[in-house]
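Worksheet: the structure to be examined is printed underneath.
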Amino acid sequence: MTITEVLSRLDDKPLGAEMHEFARSLFPICRSITGPGFRETMARVEERIPVEVHEVPSGTAAFDWVVPREWRIRDAYVKDAGGCRVIDFQECNLHVVGYSVPVQARMTLDELRPHLHTLPDKPDWIPYRTSYYTDAWGFCLTQRALDALIESTAEGAEFEVCVDSTLEDGALTYAECLLPGSSTEEVLISCHACHPSLANDNLSGMAVAVALAQLLGGVARRYSYRFVFIPGTIGSIVWLSRNEEAAARIRHGLVIANVGDPGDLHYKKSRRGDAEIDRAVGYVLGLHARRHVIEEFSPYGYDERQYCSPGFDLPVGSLTRTPFGRYPEYHTSADNLDFIEPAALEDSLAAYLRVFEVLEGNGRYVNRLPKCEPQLGKRGLYRAIGTTPGDRTPEMALLWVLNQSDGEHTLLDIAVRSGLPFAAIRTAADALLEHGLLGESDPQG
Ligand code: ZN
């Protein structure tokens, strides 16, 4: 089976609903950059694809960073004088600020207020807040709930405030799925998995990444594919610090996130800007004149910041739908399971597969008979491939590949210049190679 065949089967059996269902199953888990929620999530991933789970002890140095203490949260609430939970972690895990230190206290609303976070502009949404690297605690709630609390609280009334958490030495967990190919050169797919009940950021990325690993597991691969499921920022830093050798084998990479919203696909280029991955994604997004956005690299965003730091400068871009921070639901309770759509997950999955189809099939060749056109008819090549009557694509692909294969242009370049589908260009190149009309280009060239 090839990626091209996998793509054609997607039309018959869409996987959007299945990916959405996986996101739904992960949604209630309270994840953070360390702790049992992240571990449980990796266990769910392991039920679907072969992964190696790593535990890196707190205190381990990773370049300029240190693996933090492990956060465990059991319960968190604010109770009013009548013992009623007016803010309740059990009802929604976004209610507690991630990495909150333990608290057990009685205080007035005035004393509590500096620890309460709302979104006044979006009065029905709960914000998502964390405090990973500064000891703090807090609660998040809707503006409407806060207004009601202020309204109903008598002067001087005391609340019982509890964050039943621990911050102790433990470990940072991450998981990798390596699908070996015929080459040890790697394609990296990096997915942060550290957010609690938020769907687009980041469960959509996990759902599509897992589906990609399942599908790629069943195809013949040239490249080796490495999927990493990591906590954001600290996870990629830790991974890079422990895997410099593997990092040197990465030929192409994509950071996956925000792939379930209905917005257009966006691609943020690698730091290099003209890497093969940048050109491959640009080509795929331009197919069928679909609406899309391509943006230059910037040292802000997700884990591409680390992969593209100057000491690594890996060819890693980020393929998303609406990027982080550019949809109002981002990092709020409105980034829920209704916000991500099976059709969008499906479309993102197909786009990633088309990129891999290009990477797998790309190559640079030389025309062995470059003086005038070789006679294709006597070799049975003219109208020999392709079966649809009147479809001139196979012939045109042969002519384009012969014309452009001067050792300079890759098959991807030829697909871009000819406007023909990449798969047709690859098929033509295979036919010409078989007939000795095309030769391998000097790999150093
Ligand atoms: Zn986020």
Given a cut-off of under 8 Å on Cα pairs at least six residues apart, what relative contact order in percent is computed for the chain? 17
The stretch 246-354: GluC sites (Glu not before Pro) in DSSP coil with no more than 10 other Cβ atoms inside 10 Å: 296
Please find the FRET efficiency linking residue 101 to residue 248, where r is the Cβ-Cβ separation and R0 is fixed at 30 Å, and quote it to the nearest 0.05. 0.15
Once the stretch 283-360 is represented by equal point scatterers at the alpha-carbon sites, with solvent omitted, what log10 I(q)/I(0) does the Debye formula produce at q = 0.20, 0.22, 0.26 Å⁻¹? -1.14, -1.24, -1.30
Could you order the peptides 250-256, 148-154, 161-167 from most to least packed, using the average number of other C-beta atoms within 10 Å per residue? 250-256, 161-167, 148-154
Heavy-atom accessible surface of the chain: percent carbon and sulfur, 1.4 Å: 49
Specify the inter-centroid distance of the stretch 215-248 and the stretch 259-287, based on alpha-carbon positions, in whole Å. 19
Just flag the chymotrypsin sites (Phe, Trp or Tyr not before Pro) in the stretch 45-119 sitting in loop per DSSP whose Cβ has no more than 15 other Cβ atoms within 10 Å. 63
Given the Cα atoms of the chain, and with Rh set as the inverse mean 1/r over their pairs in the Kirkwood sense, what is Rg to Rh to two decimals? 1.07
Relative contact order [Cα under 8 Å, 6+ residues apart], the stretch 70-168, whole percent: 44
How big is the dipole moment of the stretch 1-148 about its Cα centre under a simple scheme where the beta carbon of each Lys and Arg is +1, that of each Asp and Glu is -1, and everything else is neutral? Debye, nearest 20, please. 340
Which of the aspartates and glutamates could a cross-linker span from residue 122 if the Cα-Cα distance has to be under 12 Å and same-chain partners fewer than 8 positions apart are dropped? 329
Please determine, in degrees from 0 to 90 and to the nearest 10, the orientation of helix 342-361 with respect to the longest principal axis defined by the Cα atoms of the chain, where the helix direction is its Cα long axis. 40
Sorted by chain and then number, the residues having a modelled amide H within less than 5 Å of the amide H of residue 75, at least 5 places away or on another chain, are 164
For the stretch 364-440, with every protein chain kept in place, what is the accessible area per residue (1.4 Å probe, Å²)? 56
For residue 58, what residues show an amide H to amide H distance below 5 Å, using hydrogens built from the backbone and excluding near sequence neighbours? 170, 171, 172
Trypsin sites (Lys or Arg not before Pro) lying in DSSP loop within the stretch 271-349, provided at most 16 other Cβ fall within 10 Å: 272, 290, 291, 326
What value, in deg cm²/dmol to 500, does the helix sum -39500 (n - 2.57) over DSSP H runs of n ≥ 4 give at 222 nm once divided by the residues of the chain? -9000 deg cm²/dmol
Average accessible surface area per residue within the stretch 70-168, 1.4 Å rolling probe, Å²: 50
With r as the distance between the Cβ atoms of residue 430 and residue 48 and R0 = 30 Å, compute the FRET efficiency 1/(1 + (r/R0)^6) and round to 0.05. 0.35
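The values are calculated or read from the model by the stated rules, or taken from the named source; none is laboratory data. Please read these numbers as outputs of a predicted model, since none were measured by experiment. Because the Cβ atoms are built from the backbone with ideal geometry, glycine has one as well, and the counts that use them run over all protein chains shown. What goes into the accessible areas is simple: the full protein's heavy atoms, side chains included, and nothing from ligands, DNA or RNA. Shrake-Rupley method; radii C 1.70, N 1.55, O 1.52, S 1.80 Å.
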